[in-house]
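Contents: one structure, followed by commentary.
Bear in mind that the values in this text are calculations on the coordinates, not laboratory data. Since the model is a prediction, treat every value here as computed from it, not as a measurement. In this analysis, Cβ positions are derived from the backbone assuming ideal geometry, glycine residues included, and neighbour counts consider all displayed protein chains.
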Amino acid sequence: MQKNYYIILGVNNSATFDEIKTAYRTLAKKYHPDKNQGNKSAEEYFKEIQQAYAVLSNAEKRKKYDLKFSYTHTYANSRASSASRPNQYTQQQSKQGAGAKQNQYVPQKFDYTESWQILVSVGLALLLLYFIISYNTKTEVPQQAVAAEDTVHQSTKVAKEEVQEEIISDSPYSIFFGEEVYDTESKNNIVLHNSDESEVIVCLVQGASPNKTIRNQYLQWGATFKLNNIPDGNYFLKIYFGTKWDTKKSFFNNKIKGGFSKEMGFVKLNSGKEILKFKQEKVGNTVSFDTFDVTLNPSQVNQTQKISAEEFFQ
């Protein structure tokens with residue numbers, strides 16, 4: 001049975017590329033395996049979401065899919081229409097028999113018009129199938145030429161990059177840095193505002209030795225995110241700027257997996273005298289806590305704050 005990719009993504013079959021991409025992003029975040037560990041249903045649905053996006057985000061693949069889906073739908077309707085006619089015929093016989101004398105034989109006239117319509121429907125379905133096969137053959141043969149092959153390769157590469165970019169985990173380096181640290185009783189927080197110039201990975205790092213990274217958070221272009229439940233203490237931030245997340249990229253002989261294919265640099269913020277200090281206190285019925293607003297922009301970072309990849313991942 002042909003899967004309806006439009007239903008899987010929750011869009012109309014006339015949806016634009018931007019609408020398809022937006023729907024994909026929303027579903028990919030909700031059903032990503034990292035957020036649904038142990039949930040096989042969510043894992044299978046996530047695969048269907050990826051498959052649907054890979055087809056509908058590619059103009060050529062979408063055209064072929066729409067054509068095949070149209071054929072399947074037409075052929076299924078013709079079969080359903082044919083299957084319903086014997087029931088109608090039986091109902092007509094029952095109605096005629098009710099008004100006739102018992103054991104009286106009532107001859108039925110054969111409906112050549114209905115039979116002709118069935119043959120025409122089947123004929124059209126077969127003709128459409130022939131057209132699909134011919135169309136696929138004509139579009140696949142030119143790929144043997146160098147120019148056409150390059151075009152197909154680039155188109156596929158773009159689709160893969162878009163999928164890889166979207167399936168990044170909210171905390172992609174937790175396997176390396178360890179389990180994230182929270183204080184559920186604490187209201188201390190940082191509000192992070194990312195610019196429209198890049199994507200970022202933000203690490204919240206303890207100010208005291210051994211400078212353990214207790215949080216790592218991915219932000220898209222222009223996104224705002226609030227780090228909540230921060231334990232009391234002094235902290236600074238380490239930032240990784242870049243674009244186009246690549247799951248195949250690695251650091252330090254595959255010890256760390258995942259990274260931006262287009263790196264824009266690593267920096268350290270709020271160190272030294274500008275360190276982020278958090279302390280929650282309760283006086284009577286009043287609770288005081290600390291909150292900070294930080295704007296992330298690669299073009300506004302001071303040169304002296306740049307760090308190496310080694311320092312970012314230490």
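Before moving on, here are some points about what is shown:
- In region 174-312, the alpha-carbon atoms span a convex hull of 116 Å³ per residue.
- Each of Ala223, Ser250, Ser288 was scored by the projection of its Cα onto the charge dipole of region 174-312, and the greatest displacement toward the positive side belongs to Ser250; charges sit on the C-beta of Lys, Arg, Asp and Glu.
- Charge dipole of region 214-294 (Cα centre as origin; +1 on each Lys and Arg Cβ, -1 on each Asp and Glu Cβ, all else neutral): 400 debye, rounded to the nearest 20.
- When region 1-70 is reduced to its Cα atoms, the Kirkwood hydrodynamic radius in Å: 12.4 Å
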